[in-house]
Amino acid sequence: MQKEVISKRKQLLSCENYVSMCYEYKVKDFADMALKLSISLLIFNDFSISDKKKILQSSDNENYQFLSLQDIYKKLNKKAFSFEDIADQIKFSYLEKEKAIVIGSRKTIEEGTIASVKKLLSELRKQYEIICLKTNDKKVLKWAAQDRRIDYIILDASYNSQVIDKALCSVMKQSNKYFEFVISPLLETKTEQELSTVIRNSKKMLKIIKSYNTPFIFSANPSTPYQLRNSSQMRCIGEFLGIPYNKTKKNTYDYQFSNLIKNVIKLDDSYLFEGVRGFHR
């Protein structure tokens, strides 16, 4: 593929980090819509690594190709060593395919106590590429902000804005952990009063995140393919909520892609500890 074509595709890259399929739809249905919206990375909730492998093995579609970053990494891990090199080679390997969609696995934990979250983490970490936490308990949030096994802490746009504060943002920033700001409540409100409340809470939360320069990403959390939003659409919604469009370029793809690669590396059999891998002859 010509360099200019790959460069153009890079500019259009979009990700949905939190797809929650309802029973009426399948992975293929979301992929069909994602292709139309130039979304190249779909991470499905309650979708394990083994579920993903089954989809990849049974996939036979002329319109696009399903890809797994785990499979791509296995082919590269003896040729690339720095994280930047690995990320660049993985990205190039699927950008050169004209119509390819990367699918990833994720689990969202919704538990009320630190003990229950710890128990689930010990059971689930090897089964999913991405682990997220959804809770409005401040104690659980501050503990989770320091746990390396949790990739994202979810901020639902319907939450009361008081769930986050300076202390939580400070710990999140120190731990290099991301908030995942979910916009679906904005799109699903049924009354003007409900919409007004959600908009007000969303603006307050994002203002706090912005003021402390805390890392975050945007997700739409679609349950149907028609609720998918590409990068440009998500950034426009972010601008409406007070985050300038030109400040969110990485929040709708780059951070998600980078985090997924980090976990793919950690889950690989060759991983020993950060920056060190072992190889079998």
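Right, residue 176: at pLDDT below 95 and at positive phi or not? Against the criterion (at pLDDT below 95 and at positive phi), residue 176 qualifies. Scanning the stretch 111-129 for residues that are open to solvent by less than 20 Å² (accessible area, probe 1.4 Å) and more than 19 Å from residue 51 (Cα to Cα) yields a count of 1.
For the stretch 157-186, the tally of residues that are open to solvent by less than 10 Å² (accessible area, probe 1.4 Å) and hydrophobic (A, V, I, L, M, F, W, C) stands at 9.
If a residue must be part of a loop (DSSP other than H, G, I, E, B) and either basic (Lys, Arg) or within 17 Å of residue 262 (Cβ to Cβ) (or both), how many such residues does the stretch 147-192 contain?
Start the filter on the stretch 147-192 by keeping residues that are part of a loop (DSSP other than H, G, I, E, B), which leaves 147-151, 157-160, 164-165, 175-177, 183, 189-191.
The next check asks that each one be either basic (Lys, Arg) or within 17 Å of residue 262 (Cβ to Cβ) (or both); those that pass are 147-151, 175-177, 190.
So the count comes out to 9.
Within the set 207, 119, 203, the sole residue that is of a type in the set (D, E, K, R) and without any contact (Cβ under 8 Å) to a residue 12 or more places away in the chain turns out to be 119. Scanning the stretch 128-146 for residues that are free of Cβ contacts under 8 Å to residues at least 60 places away in the same chain, of a type in the set (D, E, K, R) and either farther than 13 Å from residue 182 by Cβ or part of a strand (DSSP E or B) (or both) yields 137, 138, 139, 142. For the stretch 1-34, the set of residues classified as part of a helix (DSSP H, G or I), at pLDDT below 90 and among the aliphatic types (A, V, I, L, M) consists of 5, 6, listed by residue number. What about residue 154, is it open to solvent by less than 30 Å² (accessible area, probe 1.4 Å) and hydrophobic (A, V, I, L, M, F, W, C)? Taking the combined requirement at face value, the residue satisfies it. Do you know which residues across the stretch 212-263 are assigned to a helix (DSSP H, G or I), surrounded by 20 or more Cβ atoms within 10 Å (Cβ to Cβ) and among the small types (Gly, Ala, Ser)? The answer is 231, 238. On the given criteria, is residue 108 β-branched (Val, Ile, Thr) and either closer than 18 Å to residue 30 by Cβ or loosely packed, with under 12 Cβ neighbours inside 10 Å (or both)? Criteria met by residue 108.
The values are calculated or read from the model by the stated rules, or taken from the named source; none is laboratory data. The structure displayed is predicted, hence computed values, not measured ones. Virtual Cβ from ideal backbone geometry, glycine too; neighbours counted across all protein chains shown. These area figures cover heavy atoms from the full protein model, side chains too; ligands, DNA and RNA do not enter into them. Shrake-Rupley method; radii C 1.70, N 1.55, O 1.52, S 1.80 Å.
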